[in-house]
Amino acid sequence: MTTRDELLASLSQDLTPVKPALPASIMALGWLLASVLWVVALTHLLGPIRPGAFTQLEHAPHFQVEVIAGVFAIIFGTWAVFQSSVPGLLGKRLPWLAGGVLVLWWCNYALSFVSPILPPTMLGKRAHCAFEVIAIALPPMLAGFYLLQRQYPLRFPLSAGILALMAGMMPALYMQIACMHAPAHGVLFHLLPGVAVSLVGVVVALLWRPMRRQNFRAGTR
């Protein structure tokens, strides 16, 4: 008769050791900082920043509200999605807080049609800003997916879609500084391309799932 120790040994002999994943908070912070550096550096590499943009940011309170709301929406959204990658770690308040700040930020885009944040101008217009938003967001998105799948997200496509949205919102926000600032242009060529990244992210996540299953069967993450 097989003893308990022999049974455990037979079950574990083919297992491959894996490195433990980093805490979700460390992953979130590392991904966020690396992504911000990537977005800023590549945006500057692809073209000049709108002349006077940082002076406008310093002296236009409504513009400050827009940028601050965007920054906090991205921070809270990133924190929430990495917390969600560990079952039972995400609290009930953080998703509501992240969603509320995101809606507050997007409401600024709607209000700008009634009361422009800055005087509408073609100054600083970048010829391909919409494509730049998407292209800049894709590498951080894929890096984030790699980090997420090292945890145990119960709804990987949903978590990946939200993370992709955060990846798209970073260049969308910075493009409000780098490119021309006008209500319709900001929505059509900065915000919507950033949102479109989340749809791309869901599709990529659905294709990613078979690979994740194969990795788990092989004992890797």
Going residue by residue through the stretch 124-129, the Karplus relation 6.51 cos²θ - 1.76 cosθ + 1.60 with θ = phi - 60° gives ³J(HN,Hα) values, rounded to whole Hz and with x marking Gly or Pro, of x, 4, 9, 5, 10, 4
accessible surface per residue for the stretch 29-216, probe 1.4 Å, DNA/RNA/ligands not counted, whole Å² -> 49 Å²
For 168-181, 103-116, ranked highest to lowest by mean beta-carbon neighbours within 10 Å, the order is 168-181, 103-116
From highest to lowest solvent-accessible area (probe 1.4 Å; ligands, DNA and RNA excluded), Phe76, Phe82, Phe54 read Phe54, Phe76, Phe82
The base-10 log of I(q)/I(0) that the Debye equation returns for the stretch 124-206 at q = 0.12, 0.14, 0.16, 0.27 Å⁻¹, one scatterer per C-alpha, is -0.34, -0.44, -0.55, -1.17
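Order the following by accessible area, largest value first: Arg155, Arg93, Arg150, Arg50. Probe radius 1.4 Å; ligands, DNA and RNA are ignored.
Working: Arg155 160, Arg93 205, Arg150 40, Arg50 10 Å².
Descending accessible area places them as Arg93, Arg155, Arg150, Arg50.
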Length-normalised contact order of the stretch 29-216, Cα under 8 Å, at least 6 apart, in percent, tallies to 30 percent
Here the stretch 111-120 yields Karplus 3J(HN,Hα) values (6.51, -1.76, 1.60; θ = phi - 60°; whole Hz; Gly and Pro given as x) of 5, 5, 6, 8, 10, x, 5, 10, x, x
Normalised Cα Rg of the stretch 80-124, dividing by 2.2 N^0.38 Å with N its residue count, works out at 1.78
Length gained, Glu58-Leu192, 0.36 nm per residue minus C-alpha separation, equals 45.6 nm
Along the stretch 44-54, Karplus-curve 3J(HN,Hα) (6.51, -1.76, 1.60; θ = phi - 60°) to the nearest Hz, with x for Gly and Pro, reads 5, 5, 7, x, x, 7, 3, x, x, 4, 6
Expressed as a percent, the accessible surface of the stretch 29-216 that is carbon or sulfur, using a 1.4 Å probe and the full set of protein chains, is 77 percent
Taking Rh as the Kirkwood radius computed over alpha-carbon pairs of the stretch 29-216 and applying Stokes-Einstein at 20 °C with viscosity 1.002 mPa s, one gets a diffusion coefficient in µm² s⁻¹ of 127 µm²/s
Two pseudo-spin positions, 7 Å from Cα along C-beta at Leu45 and at Tyr146, lie apart in nanometres by 1.6 nm
Sorting Ile68, Ile134, Ile117 on solvent-accessible surface, 1.4 Å probe, most exposed first, gives Ile68, Ile134, Ile117
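The values are calculated or read from the model by the stated rules, or taken from the named source; none is laboratory data. Because the structure is predicted, anything quoted here is derived from the model rather than measured. Neighbour counts are summed over all protein chains in view; Cβ atoms, including those assigned to glycine, are modelled from backbone coordinates with ideal geometry. Ligands, DNA and RNA are stripped out before the accessible areas are found, and what is left, the full protein with its side chains, is counted by its heavy atoms. Shrake-Rupley method; radii C 1.70, N 1.55, O 1.52, S 1.80 Å.
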